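Working notes for the structure below.
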Amino acid sequence: FMTALLLKHFVAEVRCVNEDDRGGGTDGKFKLQHRHWDAAVDIEYDQFNIEFDTFPYKAETFDVVYLCEVIEHLAYDPVHAIHEINRVLKLGGSLILSTPNALRLENLWKLLRGRNFYPPYSGWGVTSRHNREFTRTELCQLLASNGYSVEIATTHADPGYSYPPFLKRITQQLDRAHIGTNFLDNIHIRARKSAAPKYSYP
């Protein structure tokens, strides 16, 4: 849906990436339909594995790379993907990243009640579940150690999370008041490529 919004609202060339076993379509094409749309949107994508493959693009090709709700699904290691994104970004280009916050109130509430906060195993395979969630601080450290300057790093409430009603109200109030920023649902980061790519761990 992020791709459909980009295609609808921005004048830009958009390139999409999908794993070859997660296409849901054929020949690198996917038909996206939403109940509020009059017609489906046809999206083409390049097939490769961002955890292991060299991205099939020349260095400094893109102005912006979106990594939205992806990094938590990586099963092996995010550093390769972060390194390759840096390589294909133009100097000064932006990485827009969003991911669930490991420290969100939902997880803390589950721990207090003696419940496991990890998502269940998925029958769709290892990359269909959350393999590793991150905190805002460690994502900023990861990006800084790999040639990015973090410009914005915030967390926000997400009404889609399955909180008890009282906890959802608290989370939304904290978001409106701009407090409790380490404990809200989703992390949103904008970082600029400020140096050549490194392959580095914080």
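For the range 147-159, which positions are within 17 Å of the chain's Cα centre (by Cα) and farther than 16 Å from Ala102 by Cα? Full working, then the answer.
Kept after step one, since they are within 17 Å of the chain's Cα centre (by Cα), are these residues of the range 147-159: 148, 150-158.
Matches in the range 147-159: Tyr148, Val150, Glu151, Ile152.
Does any residue of the range 46-63 turn out to be farther than 22 Å from Asn101 by Cα and among the small types (Gly, Ala, Ser)? Explain how you work it out, then say what you get.
Within the range 46-63, the subset farther than 22 Å from Asn101 by Cα is 46-49, 52-63.
Still in the running and among the small types (Gly, Ala, Ser): 59.
Taking every residue of the range 46-63 in turn, at least one turns out to be farther than 22 Å from Asn101 by Cα and among the small types (Gly, Ala, Ser).
Just need a number here: residues in the range 46-56 that are crowded, with 20+ Cβ neighbours inside 10 Å and free of Cβ contacts under 8 Å to residues at least 24 places away in the same chain.
The total comes to 0.
In the range 145-194, what residues are basic (Lys, Arg) and either within 16 Å of Leu89 (Cα to Cα) or modelled with pLDDT of 95 or more (or both)? Write out each step before concluding.
In the first step, residues of the range 145-194 are kept if they are basic (Lys, Arg); the result is 168-169, 176, 190, 192-193.
Selection gives Arg190, Arg192, Lys193.
Considering only residues that are touching a residue at least 60 places away in the same chain (Cβ under 8 Å) and of a type outside the set (D, E, K, R), look in the range 57-79 and name the one that is farthest from Ala196 (Cα to Cα).
Kept after step one, since they are touching a residue at least 60 places away in the same chain (Cβ under 8 Å), are these residues of the range 57-79: 66, 68, 71-72, 78-79.
Right, trim to of a type outside the set (D, E, K, R) and you get 66, 68, 71, 78-79.
Details: Tyr66: 19, Cys68: 23, Ile71: 21, Pro78: 17, Val79: 14 Å.
Per the criteria, the residue is Cys68.
Which residues, counting only those in the range 80-93, are aliphatic (A, V, I, L, M) and either in contact (Cβ under 8 Å) with a residue 60 or more places away in the chain or closer than 22 Å to Ser128 by Cα (or both)? Working first, answer last.
Taking the range 80-93 first, the residues aliphatic (A, V, I, L, M) are 81-82, 85, 88-89, 91.
Listed by number, the residues that qualify are Ala81, Ile82, Ile85, Leu89, Leu91.
Consider only pairs whose beta carbons are under 6 Å apart and that are at least six residues apart or on different chains; among these, list those whose first residue lies in the range 106-132 and is without any contact (Cβ under 8 Å) to a residue 40 or more places away in the chain and whose second residue is surrounded by 15 or more Cβ atoms within 10 Å (Cβ to Cβ) and of a type in the set (S, T, N, Q).
Pairs found: Phe117/Asn107.
Say whether the condition of being at pLDDT below 85 and either on the phi > 0 side of the Ramachandran plot or among the charged types (D, E, K, R) (or both) is met by at least one residue in the range 40-51.
At the first step, the residues of the range 40-51 found to be at pLDDT below 85 are 41-43.
Then drop every residue that is not either on the phi > 0 side of the Ramachandran plot or among the charged types (D, E, K, R) (or both), which leaves 42.
Yes - at least one qualifying residue is present in the range 40-51.
Condition first: more than 18 Å from Lys198 (Cβ to Cβ) and either part of a loop (DSSP other than H, G, I, E, B) or aliphatic (A, V, I, L, M) (or both). Now tell me which residues in the range 39-51 satisfy that. Please lay out each step first, then the result.
Step one: of the range 39-51, the residues more than 18 Å from Lys198 (Cβ to Cβ) are 39-49.
Once the filter is applied, which keeps residues that are more than 18 Å from Lys198 (Cβ to Cβ) and either part of a loop (DSSP other than H, G, I, E, B) or aliphatic (A, V, I, L, M) (or both), the range 39-51 yields Ala39, Ala40, Val41, Ile43, Tyr45, Phe48, Asn49.
Collect the residues in the range 100-140 that are open to solvent by 60 Å² or more (accessible area, probe 1.4 Å), outside any loop (DSSP other than H, G, I, E, B) and within 25 Å of Pro197 (Cα to Cα), keeping them in residue-number order.
Within the range 100-140, Thr137 is the sole residue that qualifies.
Take Pro197 and decide whether it is more than 16 Å from the chain's Cα centre (by Cα), touching a residue at least 12 places away in the same chain (Cβ under 8 Å) and within 19 Å of Val88 (Cβ to Cβ). Steps first, please.
Numbers: more than 16 Å from the chain's Cα centre (by Cα): yes; touching a residue at least 12 places away in the same chain (Cβ under 8 Å): yes; within 19 Å of Val88 (Cβ to Cβ): yes.
For Pro197, the condition - more than 16 Å from the chain's Cα centre (by Cα), touching a residue at least 12 places away in the same chain (Cβ under 8 Å) and within 19 Å of Val88 (Cβ to Cβ) - is met.
How about the range 177-187: which of its residues are more than 24 Å from Leu111 (Cα to Cα) and open to solvent by 70 Å² or more (accessible area, probe 1.4 Å)? Even if it seems obvious, please write down each step before you answer.
So in the range 177-187, the residues more than 24 Å from Leu111 (Cα to Cα) come out as 177-178.
Once the filter is applied, which keeps residues that are more than 24 Å from Leu111 (Cα to Cα) and open to solvent by 70 Å² or more (accessible area, probe 1.4 Å), the range 177-187 yields only His178.
Pull up the range 141-165, narrow it to residues that are open to solvent by less than 30 Å² (accessible area, probe 1.4 Å) and part of a helix (DSSP H, G or I), then point me to the one that is nearest to Pro202 (Cα to Cα). Write out each step before concluding.
We begin by selecting, within the range 141-165, every residue open to solvent by less than 30 Å² (accessible area, probe 1.4 Å); these are 142-143, 145-148, 153, 155, 157, 163.
Of the ones still in play, those that are also part of a helix (DSSP H, G or I) are 142-143.
Numbers: Leu142: 5, Leu143: 8 Å.
Filtering first and then ranking leaves Leu142.
Regarding Leu91, is this residue under 30 Å from Phe166 (Cα atoms), more than 15 Å from the chain's Cα centre (by Cα) and not in a helix (DSSP H, G or I)? Talk me through it step by step, then tell me what you get.
Details: under 30 Å from Phe166 (Cα atoms): no; more than 15 Å from the chain's Cα centre (by Cα): yes; not in a helix (DSSP H, G or I): yes.
Taking the combined requirement at face value, the residue does not satisfy it.
Looking at Ala75, Ala59, can you tell me which residue is part of a loop (DSSP other than H, G, I, E, B), open to solvent by less than 80 Å² (accessible area, probe 1.4 Å) and in contact with a Lys or Arg (Cβ under 6 Å, 6 or more places away or on another chain)?
Values: Ala75 fails: in contact with a Lys or Arg (Cβ under 6 Å, 6 or more places away or on another chain).
That would be Ala59, the only listed residue that is part of a loop (DSSP other than H, G, I, E, B), open to solvent by less than 80 Å² (accessible area, probe 1.4 Å) and in contact with a Lys or Arg (Cβ under 6 Å, 6 or more places away or on another chain).
The values are calculated or read from the model by the stated rules, or taken from the named source; none is laboratory data. This structure is a prediction, so every number in the text was calculated from the model and none was measured. So basically every Cβ, Gly included, is an ideal-geometry build from the backbone, and we count neighbours across all protein chains shown. In case anyone asks, the SASA skips ligands and DNA or RNA and just uses the protein heavy atoms, side chains included. Shrake-Rupley method; radii C 1.70, N 1.55, O 1.52, S 1.80 Å.
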